[in-house]
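What follows is calculated from the coordinates using simple rules that are stated; it is not laboratory data. Small disclaimer: the values here were computed from a predicted structure and weren't measured. Neighbour counts are summed over all protein chains in view; Cβ atoms, including those assigned to glycine, are modelled from backbone coordinates with ideal geometry.
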Amino acid sequence: MGGLYAAYLSRDKANLVTLITSRPQMAEVVKARGLIVQTPKGPFKATNLRATTEPEAERGPASLLVVLVKAPDTALSLSRARPLVGPETMVLSLQNGLGNLEVIGDIVGSDRVIGGVSSFGAQSGPIGEVILRGYGQTIIGEPSGSISPRLTLLAEILNQASLSAILTDDLLSAIWTKLIVNAGINALAAILRAPNGAIVEHPEAASIMEAAVKEGTEVAAKIGLKLAATDMVDYVANICRLTSENYCSMLQDVLRHRPTEINVINGALVKEGLKQGIPTEVNRILANMVAVIERTYPAS
């Protein structure tokens, strides 16, 4: 997803975009020939794009820092990128799960943080390639709920890059909508080792997804949030169909034997359910199963 957003933003020659990656090979390939994005409309190559594994060595400040690292990597990644953050830098988190905005705010200052969710679907290809699995939207909002001048400016930047920005004055509800989508899809896909579409193709999987989503919806209702759809089960099922061939991020993590974001998705939903007095047994079981998968990865 980081590569996808960097590639789209770099298509505007007025933007000087640097992709910060943890993979030296990725940085070298992008430096040598750009980043290739495979889309349903055909491939394009982002050549107006820098890449580095050492953000602390880059000249700052940046006008915009887009955070798309996995939740467990947030603190370290932001600490390393801290020199790029100046008084006017917008730090946009488009990450999955709960708690990322608070972690980022502790490092760069909460006044610099903008939150958001992305419904684009992307998958890693060969080194130096990203596969766009589904077009979507980028919902962005201020934690305070205001529609600020900087939020409007950021929407213009994203829209100019064809990243379909939508402003919200209810960021928490947008984050929870994405949380419930992820809770219904990601853990199941990781456990089944199957793309999103398999969840709705098989009644047994669909019933588990439905139960997980209903639990999340009940917790959100108790908090008083307004989700994107009145029928979140149908909403999530439709996303499975629209992204039927996509290997979600948690499945990609499991296949590569990497830490997942289970604790900030299903695990976070379980914790919030306990606070609100709402049973979340299905999400607890999904979280526990993925935790065991992680602990039993083959030794590298």
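Can you tell me the equivalent ellipsoid semi-axes for the chain? Use √(5λ) from the Cα gyration tensor, largest first, whole Å.
Result for the chain: semi-axes of 30, 23, 19 Å.
So which residue, out of Leu188, Leu16, Leu78, gets the largest mean-square fluctuation from a GNM of the chain using Cα contacts under 10 Å as springs?
Most flexible of the set in this elastic network: Leu16.
List the residues, sorted by chain then number, that are 5 or more residues from Leu64 or on another chain and whose placed amide H is less than 5 Å from its amide H.
The list, which skips near neighbours in sequence, is Met90.
Helix 203-223 versus the longest principal axis of the chain: what angle, 0 to 90°, nearest 10, using Cα atoms?
Computed tilt is about 80 degrees.
Classify region 147-244 as rounded, prolate or oblate from the Cα gyration tensor: take a ≥ b ≥ c as the square roots of its eigenvalues, call it rounded if a/c is under 1.5, otherwise prolate when a/b beats b/c and oblate if not.
Note, shape of region 147-244 comes out oblate.
Along each of its three principal axes, how wide is the spread of alpha-carbon positions in region 189-300, in whole angstrom units, largest first?
The Cα atoms of region 189-300 stretch 45, 31, 21 Å along their principal axes.
Find the all-direction average of the projected area of the Cα convex hull for region 54-133, expressing the result in square nanometres with one decimal place.
Approximately 5.8 nm², given one-decimal rounding.
If you take every residue apart from Asn15 with its C-beta less than 14 Å away from the C-beta of Asn15, what net charge results, scoring Lys and Arg +1 and Asp and Glu -1? If you can, show how the numbers build up before the last one.
Working: positive: Arg11, Lys13, Arg50; negative: Asp12, Glu156.
Charge balance near Asn15 sits at +1.
Residues with beta-carbon under 9 Å from that of Lys70, excluding Lys70: net charge, scoring Lys, Arg +1 and Asp, Glu -1?
Charge balance near Lys70 sits at -2.
GNM on the chain, C-alpha springs below 10 Å: top fluctuator among Val233, Val67, Val29?
Maximum fluctuation in the GNM of the chain, among the listed residues, is at Val29.
Relative to the compact globular guide of 2.2 N^0.38 Å, what is the alpha carbon radius of gyration of region 2-169, as a ratio?
With N residues counted in region 2-169, Rg over 2.2 N^0.38 Å equals 0.98.
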